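The values are calculated or read from the model by the stated rules, or taken from the named source; none is laboratory data. Quick caveat, the model's predicted, so the values are computed rather than measured. Note that we place each Cβ from the backbone using ideal geometry, even for glycine, and neighbour counts take in every protein chain shown.
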2 protein chains.
Amino acid sequence: MRQSKLFTKTKKEAPADEISKNAELLTRGGFIHKEMAGVYSYLPLGLRVLEKITEVVREEMNAVGGQELHMPALQDKTIWEKTDRWDDAKVDNWFKTHIKAGGETGLGITHEEPLTALMAEYVQSYKDLPFAVYQFQTKFRNEMRAKSGIMRGREFLMKDLYSFSKNKDEHDAYYEEVKAAYKKIYNRLGIGHLTYVTFASGGIFAPFSHEFQTISPAGEDTIYVDESKGIAINKEVYNDQVLADLGVEKSKLVEQRAVEVGNIFTLGTRFSEPLELAYTDEEGKRQNVFMGSYGIGVSRLMGTIVEVLSDDRGIIWPDSVAPFKVHILGLGDTEVVTRTATELYNEFTAQGIEALYDDRQEVSAGEKFADADLVGIPFRVVVSERSIKDGGYEVKKRSEEKGKIVSRAELLELLSVK
Amino acid sequence: MRQSKLFTKTKKEAPADEISKNAELLTRGGFIHKEMAGVYSYLPLGLRVLEKITEVVREEMNAVGGQELHMPALQDKTIWEKTDRWDDAKVDNWFKTHIKAGGETGLGITHEEPLTALMAEYVQSYKDLPFAVYQFQTKFRNEMRAKSGIMRGREFLMKDLYSFSKNKDEHDAYYEEVKAAYKKIYNRLGIGHLTYVTFASGGIFAPFSHEFQTISPAGEDTIYVDESKGIAINKEVYNDQVLADLGVEKSKLVEQRAVEVGNIFTLGTRFSEPLELAYTDEEGKRQNVFMGSYGIGVSRLMGTIVEVLSDDRGIIWPDSVAPFKVHILGLGDTEVVTRTATELYNEFTAQGIEALYDDRQEVSAGEKFADADLVGIPFRVVVSERSIKDGGYEVKKRSEEKGKIVSRAELLELLSVK
């Protein structure tokens, strides 16, 4: 894309009320725009990142056999009353509203209830199990505080996967598959080295749930990391009994702040029982379906990546989620520079290499460099009279300090889509 | 995909309260699930169709230079008060709700207001214009009646494009570009032959707006079609003066029921003025930005396609939006049939030909044929002992009555992805 056509512009300052690093950098870079506290628009650059994260997550959900669907935000309260999660005294973050034709509705905070009710129409026999479904869906939560940018919004994009199994053994095997898929996701998104499977509170059907926590001072959680084992324990379950159960030594644990970027739960029959999702087993007996749920906050992930992969000049996107792979900077408005840079841009486009081309006139080299650092595209290619004289293009990775001059052939080799 | 793995099953009957054809067929085929009146889930087959329609629309919006973004549902009421569209006495289909931390919010019925306010931060000079942005976004409208299936929902997916021009001339030229893009979209979606550019009420800034109306008894609008000119007039502006202005003869017009599948409006400065979206022109004078808006109800389009492209056995999807290109039916559970059908499925998958493979055991041939007709995938390929004896596979288009036996090579040639 030509930067001169992009309607967004970078800003020197973020709004004064944006105290989180992710909101500050993403706003200044033109990725997001705040509409209200905890409510953001995703502008062209930001939407590209969000879509790339979505696609990575989608691929891994498909790889564990998830079937994608999409449920609405508006909720039927009669279903939530059956599980006792409608009452504000029980669940305190509903947005509720009235239907003009009569009745009350609420905006989905999550989707266990309607999905369990839906499945009761499709599951009859043990032959229908197991399976799993997932969606990318906008959740609404009436949070009291919303000060963490896109890491805790009142409206946010979530991936939620739900599994339906015949029994706990079948569930446990699938749960481990999803756990492995989640690890792949964080690795692919470039934050795997900072992200720990974390033991958190379970419930009736399992001693623990598992969170995926990414080490960051911006996090709201406190965890205790055992680096040698590659696991962590959430403060909420941190006690001597748990340490003993997990075989962890207190002396090896390091306290850290962290962001919860995913969580997986064993739901058991918590929802299938009240909503009558049951099947007939091999002996003709009725059994409740055994369920699990697996969440990833997609927009929160985007915020987390910015929190942990940035420096004082701006964002450093991993290749997998960057809005573009390469940022071409044409420096100096001379004919030879414009022609060379434009030819390169056209060649990248023809080869499917996603490029942002800073073709803006009357913008200084200093401003272009500063903008490129702020926006954080993985590769920067400078075309200037000097680079042309030196034999080509100056290429530099955003994560490195020094660039080098390369020929067109070397550049295409470096950036070619595998 | 293997049909035995798909969690949905076809149904003989739709819920008794579903009176529209689109809801009946889509529910029976397992494409959608009704959560409440006017509120639907999109199940795996349905989501695939919705995504394909989205992709066609996206390609054509990109082709007219649209920049994709995504705005939230939750609305800042102070912005809507400036254009006098917050008051329920003025706009009567808001869903409104309360923010726990204080204040009132509503669910976006459309996005002119927040988008115009946002652009005021990015547009300063005539050099920043013109441009256009669009989104695929869930709208919420508190409709009194919701009886048309996914053609009029309380929650639905819409594509809305907005253009920002320096003046009316520049706007008019872009308006015609979008009109042409819309025609391409309906042609690509297989309903172009039934869809007419329809003159409808304009406003202060243009004598008419333009709707795209698809002829169907399920439509809520009445239009007068001039077949020879390829245009229509909405009943709301149908009078002798308008006929004279458009050079249309009354005797040539045919009254029709139709579904509004798109509309394009000249907004002029209706929103830019109250929300202070202005630019400095070449002479240094401040001017209000001249705007247009261009909507397509994506989920309504899906419903409309079903209304107009179906027969008494089920849906007849156009190739461009079908959930799969080909439906393989293995008939009879013999080893040779299963092996041949599975090999074919694997070959299609390897070649990127999207196939649904009805590998269900203990399901009769009659049921498989009926399900294939209901689900409406463009090509059906039957593998049976007889087809194998006759030299291959029986291929039939959903839109035709008779199939024919072809070899594997002929089949791959017929279905290959261009």
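Look at the range A:128-141 and say how many of its residues are more than 9 Å from chain B (Cβ to nearest Cβ) and farther than 22 Å from A:Asp172 by Cβ.
Within the range A:128-141, residues that are more than 9 Å from chain B (Cβ to nearest Cβ) and farther than 22 Å from A:Asp172 by Cβ number 4.
Does A:Met158 satisfy being in a strand (DSSP E or B) and aliphatic (A, V, I, L, M)? Lay out the reasoning, then the answer.
Working: in a strand (DSSP E or B): yes; aliphatic (A, V, I, L, M): yes.
Yes.
Going by what's in this entry, would B:Asp87 be described as at the interface with chain A (Cβ under 9 Å from one of its Cβ atoms) and more than 23 Å from the chain's Cα centre (by Cα)?
no
For (1) touching a residue at least 40 places away in the same chain (Cβ under 8 Å); (2) not basic (Lys, Arg), each residue gets a yes or a no:
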site: B:Lys147; (1), (2): yes, no
site: B:Lys159; (1), (2): yes, no
site: B:Tyr162; (1), (2): yes, yes
site: B:Lys166; (1), (2): yes, no
site: B:Lys184; (1), (2): yes, no
site: B:Glu211; (1), (2): yes, yes
site: B:Ile231; (1), (2): no, yes
site: B:Val242; (1), (2): yes, yes
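So which residues in the range B:106-127 are within 7 Å of chain A (Cβ to nearest Cβ) and either outside any helix (DSSP H, G or I) or in contact with a helix residue (DSSP H, G or I) (Cβ under 9 Å, 6 or more places away or on another chain) (or both)?
Listed by number, the residues that qualify are B:Pro114, B:Tyr122.
Could you run through the range A:303-349 and say how many residues are closer than 28 Å to A:Gln361 by Cα, among the β-branched types (Val, Ile, Thr) and out of contact with any Leu (no Cβ under 8 Å at 6 or more places or on another chain)?
Counting residues in the range A:303-349 that are closer than 28 Å to A:Gln361 by Cα, among the β-branched types (Val, Ile, Thr) and out of contact with any Leu (no Cβ under 8 Å at 6 or more places or on another chain) gives 6.
Report, by residue number, each residue of the range B:157-170 that is surrounded by 23 or more Cβ atoms within 10 Å (Cβ to Cβ) and either more than 14 Å from B:Gly295 (Cα to Cα) or facing another protein chain (nearest Cβ under 9 Å) (or both).
Correct list: B:Phe164 only.
Looking at the range B:9-25, is at least one residue more than 9 Å from every other protein chain (Cβ to nearest Cβ) and in contact with a Phe, Trp or Tyr (Cβ under 9 Å, 6 or more places away or on another chain)?
Yes, because at least one residue in the range B:9-25 is more than 9 Å from every other protein chain (Cβ to nearest Cβ) and in contact with a Phe, Trp or Tyr (Cβ under 9 Å, 6 or more places away or on another chain).
Could you check, for the range A:237-252, whether at least one of its residues is at negative phi and assigned to a strand (DSSP E or B)?
Initial filter on the range A:237-252 (at negative phi): A:237-246, A:248-252.
The next check asks that each one be assigned to a strand (DSSP E or B); those that pass are none.
No, the range A:237-252 contains no residue that is at negative phi and assigned to a strand (DSSP E or B).
Testing B:Arg408 on (1) surrounded by fewer than 16 Cβ atoms within 10 Å (Cβ to Cβ); (2) charged (D, E, K, R); (3) within 24 Å of B:Lys11 (Cβ to Cβ), one condition comes back false. Which one is that?
Of (1) surrounded by fewer than 16 Cβ atoms within 10 Å (Cβ to Cβ); (2) charged (D, E, K, R); (3) within 24 Å of B:Lys11 (Cβ to Cβ), only one is false for B:Arg408: (3).
Given the condition assigned to a helix (DSSP H, G or I) and either more than 30 Å from A:Lys34 (Cα to Cα) or at pLDDT 95 or above (or both), answer yes or no: does some residue in the range A:307-318 qualify?
From the range A:307-318, those assigned to a helix (DSSP H, G or I) are A:307-308; that's our starting set.
Checking which are either more than 30 Å from A:Lys34 (Cα to Cα) or at pLDDT 95 or above (or both) leaves us with A:307-308.
Checked the range A:307-318: at least one residue is assigned to a helix (DSSP H, G or I) and either more than 30 Å from A:Lys34 (Cα to Cα) or at pLDDT 95 or above (or both).
Would you confirm, using the coordinates I've provided, whether A:Lys52 is basic (Lys, Arg), out of contact with any Pro (no Cβ under 7 Å at 6 or more places or on another chain), more than 10 Å from chain B (Cβ to nearest Cβ) and not in a strand (DSSP E or B)?
Against the criterion (basic (Lys, Arg), out of contact with any Pro (no Cβ under 7 Å at 6 or more places or on another chain), more than 10 Å from chain B (Cβ to nearest Cβ) and not in a strand (DSSP E or B)), A:Lys52 qualifies.
Go through B:Leu43, B:Leu26 for me and flag whichever is of a type outside the set (S, T, N, Q), buried (at least 20 other Cβ atoms within 10 Å of the Cβ) and free of Cβ contacts under 8 Å to residues at least 60 places away in the same chain.
On the way: B:Leu26 fails: free of Cβ contacts under 8 Å to residues at least 60 places away in the same chain.
Within the list B:Leu43, B:Leu26, the selection yields B:Leu43.
Please state which of the following conditions A:Glu249 fails to meet, knowing it meets all the rest: (1) of a type outside the set (A, V, I, L, M); (2) surrounded by fewer than 19 Cβ atoms within 10 Å (Cβ to Cβ); (3) farther than 27 Å from A:Gln135 by Cα; (4) in contact (Cβ under 8 Å) with a residue 24 or more places away in the chain.
Failed condition: (4).
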